[in-house]
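Below you'll find the structure, written out as structure tokens, and then a few comments.
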Amino acid sequence: MLLPAASAPARSRGRGLRSALRDAVRSGRLAPGTRLPSSRALAADLGVSRGLVTEAYEQLTAEGYLRSDRGAGTWVGGAARTAARGTHDLAPRPVHARVDFIAGTPDLSLFPRAAWAAAHRGVLAELPHHVLGYPDPRGLPRLRTALAELLVRRRGVVADPEGIVVCSGVAQAMALVGFVLRARGVRAVGVEDPGSPQHSELFASADVATVPVPLDDEGVVTGVLKDRDLRAVVTTPAHQFPLGIGYSPRRRTELLDWARSVDGLIIEDDYDGDFRYDRAPVGALQGLDPEHVAYTGSVSKSLAPGLRLGWLLVPESMTDEVVARKRMMDLGNPALDQALLARFVERGDYDRQLRRCQRAYRERRDALVAALDEHFPGTEVTGIAAGLHVIARLPGRWGPQDSFLRRASAAGVAVRPLSDHRLSDHGPAAGPGVRLVLGYAHLTPAKIAEGVRLLAGVAEEVQEVQEVQELDHARVQSTRR
């Protein structure tokens, strides 16, 4: 195991020998308690100078890999432990299915590689050296200015660059707000039910409990916020996830009135507010009352979630606390990535990317609705024409839901029922029919059509089983009579 190191060039031979010995101890090839050859014997075996071996023994003894007893030789010490071999990738991976309708993923093939690479080259050429130091924890002034102009123009927010905090996506934004609320004595926040389980997990990390709040056709039921004495609530008013509704004007007003009456906070997750296909997107709730709404969004749906870039606007009274917490968390987001996004926004590339995604996702939504209409007549597609998913309520004859889901999985189609997003007994029950949350943004129209055809085959199998069960039941009843 040491011969390759001994045959290395003279200037690197000592370093190679030490490295080979360390690796042998770490890997367990040299077990604790193993006696090593004397320096003279090992040097002769390897064809190197005795001084080289002596130096290696002394260095590894000082580090704890070896131990040396005067007059008793050199032994492998017991301090080192075998290191785990290989690496494990914990990143979420697509499910193994012929067609994956799980919602939440954009089409990553639409990422603008050429424009992004051009922006990267431009930033590297123009970026002053000092910008590569520790950044303002709020974010680079250049990016905060670009984001303020973008959000005012596209989402109707009230945005001062001084009040924007650049975050590692919406997840970090939620955690930041949670920590600040906890420091202020807030013990619980309301979350939409049905909704995203991630919201509850993020606030739990800040030791803040979450209280499921039911929704109706207009949005979150504000009366429940009052009844449960809540002072903060997480909402997705532009396109509620997962129901797909847009909060009505009346409910938006009621929600703001509640926040003002209790001096509370509405946390607005604008996760896909740019993607509306039948009309211009409704402006953000934050624009109506920036002192009672914390607004957050990201580029996860428009560019790629792997960029980990988002933003947070909080009421002015909370800004200093949020910035202090952000500084403690990570000292700010990578400066080069921020400068790159700033240039991408400034030059109009981000607007072009949004238009490109809107065209693609509108076409895919239309393809999904048409396929459902063809293969599942009577299906009700609910929610506004927006975002990256739809809610499909299949007619009752295609149920029961559990049987449908089992057979869909066996057929190689990954689907998730609406009931999976239920956070309490107030959420949607399965009922006699089948209610599915169908993501489409990451699928081509051809793949969407294939997936719905496979589901239609599943539905026929479920119906056949039902018919057999009904006949068997009728026979049993007839025999009893």
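The values are calculated or read from the model by the stated rules, or taken from the named source; none is laboratory data. Predicted, not measured: the structure shown is a model, and the values here were computed from it. Don't worry about glycine lacking a Cβ; one is built from the backbone with ideal geometry, like all the others, and counts go over all protein chains shown. Each accessible area value is taken on the protein alone, full model and side chains, heavy atoms only, with ligands, DNA and RNA left out. Shrake-Rupley method; radii C 1.70, N 1.55, O 1.52, S 1.80 Å.
Can you give the extra length, in nm with one decimal, that the chain gains between His88 and Ala41 once fully stretched, where that is 0.36 nm per residue apart less the Cα-Cα distance? If you can, show how the numbers build up before the last one.
Working: separation 47, 0.36 × 47 = 16.92 nm, distance 4.10 nm.
Gain in length upon complete extension: 12.8 nm.
Could you tell me what percent of the accessible area of the chain is made up of carbon and sulfur, with a 1.4 Å probe and every protein chain present? Intermediate results must be reported in sequence, preceding the final value.
Details: 11870 of 23110 Å².
The value for the chain is 51 percent carbon and sulfur by accessible area.
Once a ≥ b ≥ c are taken as the square roots of the eigenvalues of the Cα gyration tensor of region 54-191, is the result rounded (a/c under 1.5), prolate (a/b larger than b/c) or oblate (a/b not larger than b/c)? Kindly include the intermediate steps, with their values, before the conclusion.
Values: a/c = 2.05, a/b = 1.94, b/c = 1.06.
Here region 54-191 falls in the prolate category.
What aspartates and glutamates sit close enough to Lys301 to cross-link, taking a C-alpha to C-alpha distance under 12 Å and skipping anything fewer than 8 places away on the same chain?
Counting by Cα, and skipping residues close in sequence, Lys301 has these aspartates and glutamates nearby: Asp107, Asp270, Asp272, Asp274.
Determine the per residue accessible area of the chain with all protein chains present and a 1.4 angstrom probe, expressed in square angstrom.
Numbers: 23110 Å² over 481 residues.
The answer is 48 Å² per residue.
Which aspartates and glutamates does Lys447 reach when only Cα atoms under 12 Å apart count, and residues fewer than 8 places away in its own chain are ignored?
The qualifying aspartates and glutamates are Asp100.
Rounded, prolate or oblate: which fits region 152-249, taking a ≥ b ≥ c as square roots of the Cα gyration tensor eigenvalues, rounded meaning a/c under 1.5, else prolate when a/b beats b/c?
Details: a/c = 1.65, a/b = 1.06, b/c = 1.55.
Because a/c hits 1.5 or more and a/b fails to exceed b/c, region 152-249 counts as oblate.
Nearest 500 deg cm²/dmol is fine: what mean residue ellipticity at 222 nm does the chain get from its DSSP H runs of n ≥ 4 alone, each adding -39,500 (n - 2.57), divided by its residue count? Show your work: numbers first, answer last.
Numbers: 15 runs with 217 residues, N = 481.
The helix-only estimate for the chain comes to -14500 deg cm²/dmol at 222 nm.
If the only charges are +1 at each Lys and Arg Cβ and -1 at each Asp and Glu Cβ, what is the size of the charge dipole of region 1-61 around the Cα centre, to the nearest 20 debye? Each step should come with its number before you reach the end.
Working: 10 positive and 4 negative charges, 16 e Å.
With only Lys, Arg, Asp and Glu charged at Cβ, the dipole is about 80 debye.
Note down the nm distance, to one decimal, between modelled labels 7 Å out along Cα→Cβ at Leu124 and at Arg359.
3.0 nm
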